Amino acid sequence: MQEDGSEIKEIIKEDIWGSIKEFLNLGIHIGEGEKSIHLTLGLLLLLTVAYVATKFLLKWLRHLLTRKMEQEDKQKFTSIFKFTNYVIYLVVVLVTLSAAGIDITLIITASAALFVGLGLALQEFFKDILGGIFIIVDKSLEVGDIVDVDGKVGKVFEIKLRTTRAITRDDKVIIIPNHKFISDIMFNYTQNHRTTREKVNVGVAYGSDVDLVTQILEQVAAEQKQILKNPKPFVLFDDFGDSALLFSLHFFTNHSFLDPKIKSDIRYRINNKFKENNVVIPFPQRDVHIIQSQKTQEK
């Protein structure tokens, strides 16, 4: 029995496994020793298995990272995963070439220099990509938000991986690099909610009835449709100016993107109400005193 068992092991080792090794070793063999190159069926099979395993692993990783994202956000990550796939496949190919006996030192050195150059040239590009990833992941910016970028107010209508697009109040499209949202100070009017507080300033002549002015401003706010009734608008007596008593009408609105139009309508109404009630809006005035010298008086 022991002899039969040893014979079976020898058959498996020498005949079956030996045949498999010979089959896998079929291919191109160039040179001998350390500088030899071997491109065999076994190497190609290993490359195929590594490719398939890598593909399934990346697919599982993508599903793990994007399972809680909306469909639109998942599509934005497609280009990132494609780029990652290409890099990993390149690494698999280099490892396979190294296993075949090909010296890849020169390839790696040349690639490193190339990637350093590309990294410096595409620095802003990668910063935009990272900014887009942070925006999508932490939801710091969403479609419909109203933002202030370098003094320009726009409503966001599209968020891409590299840029964000918003339409301004004069119906022009502004393209914002995503790195600005993580490196610069940005104002998001609607980050926490859609309601914003705005104000209109006005000055009246000294001697005006301040209670009447307050009533007029409150009445104007109550008649304006775009102004919310709750929270309630309010009036502040801001200061004693050089030429006027300074007031401000504060109100809340859900239409902050139309803020200039709303404020313009309020100013029209204030001007009309002041005329009806004889409230004067003064303009700057200066008293000029001319002092003549004694020599000028004697002449």
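Under 11 Å from the Cβ of Gln215, count the other residues' Cβ atoms, weight Lys and Arg +1, Asp and Glu -1, and hand me the total.
With Lys, Arg at +1 and Asp, Glu at -1, the neighbours total -2.
Only counting other Cβ atoms within 10 Å, I'd like His289, His250, His179 sorted with the fewest neighbours first. Write out the running numbers ahead of the final one.
Numbers: His289 4, His250 16, His179 21.
Ordered from fewest to most neighbouring Cβ atoms within 10 Å, His289, His250, His179 come out as His289, His250, His179.
Out of residues 5 or more away from Thr164 or on other chains, whose amide H comes under 5 Å of its own, with H placed 1.01 Å from N in the peptide plane?
Ile176, Asn178
Can you pull out the trypsin sites (Lys or Arg not before Pro) in the range 211-286 whose DSSP state is coil and whose Cβ has at most 12 other Cβ atoms within 10 Å?
Filter output for the range 211-286: Lys225, Lys229, Arg286.
Ranked by Cβ crowding within 10 angstrom, fewest neighbours first, how are His255, His63 ordered?
His63, His255
Compute from the Cα atoms of the range 196-276 the Rg and the Dmax, the latter being the longest Cα-Cα distance, and quote both in angstrom.
12.3, 37
If you add up the charges near Val200, with Lys and Arg at +1 and Asp and Glu at -1, over every other residue whose beta carbon is less than 9 angstrom from its beta carbon, what do you get?
+2
Per residue of the range 138-145, in order, report the coupling 6.51 cos²θ - 1.76 cosθ + 1.60 (Karplus, θ = phi - 60°) as ³J(HN,Hα) in whole Hz, putting x for Gly and Pro.
8, 6, 6, 8, 9, 4, x, 5
Amide H to amide H, which residues 5 or more places from Val153 or on other chains are under 5 Å from it, using H placed in the peptide plane?
For Val153, whose amide H was placed from the backbone, the distant partners under 5 Å are Arg169.
Which values of log₁₀ I(q)/I(0), to two decimal places, follow from the Debye formula for the range 151-299 at q = 0.13, 0.14, 0.18 Å⁻¹ with a uniform point scatterer at every Cα?
-0.74, -0.81, -1.05
Give me the distance in nm between label points sitting 7 Å out from Cα along the Cα-to-Cβ direction at Arg165 and Thr214, one decimal.
For Arg165 paired with Thr214, the spin-label model returns 5.0 nm.
Every read-out reported here was derived from the displayed coordinates using simple, explicitly stated rules and does not represent laboratory data. Keep in mind it's a predicted model, so treat the numbers as computed, not measured. Here the Cβ is made from the backbone with ideal geometry for all residues, glycine too, and neighbour counts use every protein chain on show.
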